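Q: Attaching a single structure in structure tokens format; questions to follow.
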Amino acid sequence: MPDAPWNALLTELRELAVLPMPDFDPALADDYAATGRRLPFEVQYFARRRHLAAVAVAGDTLALDEVLDAVCDERSWALPAHWGEDDPRHCVDLFACETAQTLAEILVLRHDVEAADRVRSEITARVLDPLFESEAPFWWEERISNWTAVCAGAAGMAALALGVDTDQVRGRILPALQSYLFSFGPDGGCVEGVDYWVYGFGYFTYFAEAWRDATGEDLLAGNEAIASFPAAAQLYPGSFATFGDSHQDPTLPPGLLARLADRLGVALPAVEYTPTFADDPTARWAHLTRSIEWGRELAGEIAPARVLLPDVGWFVERRAVGSRMWALAVKGGFNEEPHNHLDLGSFIIAADGEQLLCDPGAGEYTAAYFGPERYEQTHPSARWHSVPTVEGAEQQVGEDSRAELVDTGDGIEAYIDAYGDGALYRRFTWTDDGIELVDAGPEIVESFVSRIRPEIDGDKATWTGERGTVVLHGIGPEALLDHVDTARHNGRPERLWALRFPLVGGLRFELL
């Protein structure tokens, strides 16, 4: 692998490996039940996993033994948000499976682990026995989401690393991964977004390669469309459409990208960064080690392109307007998707990757965020997406609330049936200097959302960012400016602005 970027990553690991093990307060696990907040416990949990990975790759034996003992002493390897009513010690969730895989592969990597027998015993008792000895399937084995791939893939890799019979692995892990693949249509689009593509398809890929090493069978073959999804969803290098619970500017593990390009020959998204351990706030061992083992420098140019993924209902087009690469992304689909937002017909306008009209992406995960009050939370709600009300109604939840996207050649049409008795027709058309928007339906009140406060001047509103400016022409005289203070997925505060007004005629976005 090329020296420069990987030397920086390994230097970072060596510097982290000599630091003391981070503090860990087990009582914070009970804070979730009391407050619904996940971050207080999870921040320390992932800090410990980060320390574990660093000392396993670059640390001495004493430091590794210390953190392995601490992990084995934990009440549960699962996150409190996932415990339910069963014994937390035997909760087989995403993070318990990831921890099992991490520890199992550390035993393979490092032969100087004093407590190897204890570590192996904990992996077996907490994850492998509950999974392989259970007659009934876990709920995630039959669910078509990232959980299926991550839990099955990580547990399967742990089993392979510890020498579990491949027939046993085949019987339990492969059906779950096949179920995961059913979540993709022929277009390969990931309804959960690029972040969860990295998570789910990443763990599918990592297990598939471990399985190929163990058995010679190739599970990756034929999945070229899925592997191509990030390139289809890219707005600019490092910037992707943020529909659903996606994050702003996610980092794609270079090892994963390189392996998919080498094995499947797929086009990769353009990347312009040097990998660091801080790229992954949850310090996933699988991403880190595969990037060290498989990674190479990845280069690519961002070029004009036009992609409609009809199965998931995503449209992304990039066009050079003036000196900038502008992108328009429009969301179709239905309102009961995994990590669903009420966002049918919502859109993004971005200049060189900066979202001037934005999709809010993921908010801070709390109990309410995944509970009955989900659509009262800012980020998943219809109110904080660029979608109108129709006859005073917001979009409704449910699989019957749907939007079909149709490529017109010079733009995109959206047929949106998500308002009860009302319906909305929305058309975006590119012009020489911008984008025209036509909305048709009864009693439409528009809403345009951004992290940038717009300046209103007569029938114009202007959003000025660091990389470009959008001017909306045709706003109504009753335009109002609204804002909300909220928190991003990582807990950092942010403010969203919404321009709202009754529709009076055609609208045009001028791109400067």
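Q: Out of curiosity, is residue 221 surrounded by fewer than 22 Cβ atoms within 10 Å (Cβ to Cβ), more than 19 Å from the chain's Cα centre (by Cα), more than 25 Å from residue 340 (Cα to Cα) and at pLDDT 95 or above?
A: Details: surrounded by fewer than 22 Cβ atoms within 10 Å (Cβ to Cβ): yes; more than 19 Å from the chain's Cα centre (by Cα): yes; more than 25 Å from residue 340 (Cα to Cα): yes; at pLDDT 95 or above: yes.
Criteria met by residue 221.
Q: While we're here: Filter the stretch 372-404 down to residues that are in a loop (DSSP other than H, G, I, E, B) and either hydroxyl-bearing (Ser, Thr, Tyr) or touching a residue at least 24 places away in the same chain (Cβ under 8 Å) (or both), then give me how many there are.
A: So the count comes out to 14.
Q: What residue, among those in the stretch 470-483 that are within 14 Å of residue 453 (Cβ to Cβ) and surrounded by fewer than 16 Cβ atoms within 10 Å (Cβ to Cβ), is farthest from the chain's Cα centre (by Cα)? Give the steps one after another, and end with the answer.
A: Taking the stretch 470-483 and keeping what is within 14 Å of residue 453 (Cβ to Cβ), we get 470, 472, 479-483.
Next, only the ones that are surrounded by fewer than 16 Cβ atoms within 10 Å (Cβ to Cβ) stay: 480-483.
Details: 480: 33, 481: 30, 482: 28, 483: 25 Å.
Looking at the filtered set, the residue picked out is 480.
Q: Specify the residue that is farthest from residue 126 (Cα to Cα); the eligible residues are those in the stretch 68-91 that are buried (at least 16 other Cβ atoms within 10 Å of the Cβ) and over 28 Å from the mean Cα position of the chain (by Cα).
A: 68
Q: Could you check residue 59 against (1) farther than 14 Å from residue 99 by Cβ; (2) surrounded by fewer than 22 Cβ atoms within 10 Å (Cβ to Cβ) and say which number it fails?
A: (2)
Q: Only one residue in 156, 193 is closer than 15 Å to residue 229 by Cα and surrounded by 15 or more Cβ atoms within 10 Å (Cβ to Cβ), so which one is that? It would help to see each step written out before you state the result.
A: Values: 156 fails: closer than 15 Å to residue 229 by Cα.
So the residue among 156, 193 that is closer than 15 Å to residue 229 by Cα and surrounded by 15 or more Cβ atoms within 10 Å (Cβ to Cβ) is 193.
Q: With the stretch 433-508 as the region, which strands (runs of 3 or more DSSP E) entirely inside it contain at least 2 residues that are touching a residue at least 12 places away in the same chain (Cβ under 8 Å) and in contact with a Phe, Trp or Tyr (Cβ under 7 Å, 6 or more places away or on another chain)? If you could, list the steps in order and put the result at the bottom.
A: Details: elements: 434-440, 444-450, 455-457, 460-464, 469-473, 480-487, 493-502.
Strands (runs of 3 or more DSSP E) meeting the threshold: 434-440, 444-450, 469-473, 480-487, 493-502.
Q: Mind telling me which of the residues 204, 182 ends up being modelled with pLDDT of 95 or more, out of contact with any Lys or Arg (no Cβ under 7 Å at 6 or more places or on another chain) and either more than 26 Å from residue 292 (Cβ to Cβ) or not small (Gly, Ala, Ser) (or both)? I'd like the intermediate steps shown before the answer.
A: Numbers: 182 fails: modelled with pLDDT of 95 or more.
After ruling out the rest, the residue left standing is 204.
Q: Right, something else. Would you confirm whether any residue within the stretch 379-388 is more than 21 Å from residue 439 (Cα to Cα), out of contact with any strand residue (DSSP E or B) (no Cβ under 6 Å at 6 or more places or on another chain), surrounded by 19 or more Cβ atoms within 10 Å (Cβ to Cβ) and not basic (Lys, Arg)?
A: So in the stretch 379-388, the residues more than 21 Å from residue 439 (Cα to Cα) come out as 379-380.
Right, trim to out of contact with any strand residue (DSSP E or B) (no Cβ under 6 Å at 6 or more places or on another chain) and you get 380.
Remaining after also requiring surrounded by 19 or more Cβ atoms within 10 Å (Cβ to Cβ): 380.
From the residues that got through so far, the ones that are not basic (Lys, Arg) too are 380.
Yes; the residues of the stretch 379-388 include at least one that is more than 21 Å from residue 439 (Cα to Cα), out of contact with any strand residue (DSSP E or B) (no Cβ under 6 Å at 6 or more places or on another chain), surrounded by 19 or more Cβ atoms within 10 Å (Cβ to Cβ) and not basic (Lys, Arg).
The values are calculated or read from the model by the stated rules, or taken from the named source; none is laboratory data. Keep in mind the model is a prediction, meaning the values are calculated, not measured. Every residue, glycine among them, receives a Cβ derived from its backbone with ideal geometry; neighbour counts consider all protein chains shown.
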